[in-house]
1. Work the Kirkwood hydrodynamic radius out for region 322-369: mean of 1/r over every pair of different alpha-carbon atoms, inverted, in Å.
2. For all pairs of alpha-carbon atoms in region 106-167, what percent lies in each bin of width 10 Å, listed from the first bin to the last filled one?
3. Out of 318, 347, 404, any idea which swings most in a Gaussian network model of the chain, alpha carbons joined below 10 Å?
4. For region 91-194, take the convex hull of the Cα atoms, compute a quarter of its surface area, and give me that in nm², please.
5. Given the alpha-carbon gyration tensor of the chain, what are the semi-axes of its equivalent ellipsoid in whole angstrom, ordered largest first, with each equal to the square root of 5 times an eigenvalue?
6. Measure out, as a whole number of angstrom, how far apart the alpha-carbon centroids of region 327-343 and region 18-36 sit.
7. Give the order of 187, 213, 26 when sorted by the count of other beta carbons within 10 angstrom, beginning with the fewest.
8. Taking Cα centroids, how far is region 345-398 from region 161-184 in Å?
């Protein structure tokens, strides 16, 4: 890919970063205003956790559908459609005055929670293999930037004007971003960034997923261990995303301003952690194909240790808790870009959205229950214990799975490179024209 093309690729990556950041902000804001929701509808932590779990379950059901569509049709168009759905379902969620109505309409917001698979697939076709970690790290950082934006607007708008007014604003951003993506982002042929296909003309419709390709994914050893670590790896993220703000307010006795300040520091730090994780993964991948898996293993073991220390820190030491939270926030997201990049390193271009969706299914199948489990433990022992128990135990399991991944991934990477060389020979010979 030439330098101007790489610059254009980064522009596209930034636009998609903004889209997904604001989308994640819309998803996250309910965590910031959860105290309002709990009080208005007179519900316990368990019902609050069930609300998030039910929304996630709907997303899981739709993951393979969205993944297949992204691998077969225009990714730009489908991302834009997801933005429109995001806007209208969030607006709809402001209407009910009973918890049942709120519960049902909130579940509908899970319909559009699948653009990441299409975004990651599109990014992989703009950037060559050894340069994907950083842009995928940027996309991975949208969880942190979304939470950052969600925290700011949640506190500034939600606590000043109420959660309904807040949802009207975040829903409107969905419509706006849908228009921007449709006008500014261009689709590129699947596989166009692969080194073996460099300089060859590829028709945009040449490589599309076939239904039977979906079943081939589960036979890859790398996808098995990537998916299994995803099953456990997002437990902590969903738990922390749902409950950490409420934890600081109710168990650490932070004021809303103090909690906002701590969240701002941590979320900004997470953005740098995502990008650093992608950069380190790129550097190690250039030296050994096991590099990304090695980074993942080290990161999740460190994450288990640092989250345990942070949540165990004395309540009265606010400064120490904030500093430890900052260190933890830098470490936690570093594995993410390497997980996604490993998928792109092992599967052919036309099934990458489906592969990412498969990972999301495993992630959400486990993590959809995390807020509910944490809510149950919180009712019994407190939020701090619930978050600590779930986070440390699941990240230790992830560390073991990443270690196994480092052993099995070279073979799958070699098979993909062989397939790309075969396609290049076909294109040069005119067999596919």
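1. Here the Kirkwood hydrodynamic radius works out to 12.5 Å.
2. Computed distribution, short to long bins: 19, 34, 29, 15, 3.
3. Checking each option, the largest mean-square fluctuation is seen for 318.
4. With every direction weighted equally, the projected area is 7.8 nm².
5. They are 36, 24, 19 Å, listed from largest to smallest.
6. 21 Å
7. Taking fewest neighbouring Cβ atoms as first place, the list is 187, 213, 26.
8. With region 345-398 and region 161-184 each reduced to a Cα centre, they are spaced 27 Å.
Since every read-out is calculated from the coordinates, none of them should be taken as a lab result. Computed from a prediction, not measured in an experiment: that's the story for all the values here. For neighbour counting, all protein chains shown are included, and Cβ atoms are generated from backbone atoms with ideal geometry for every residue, glycine included.
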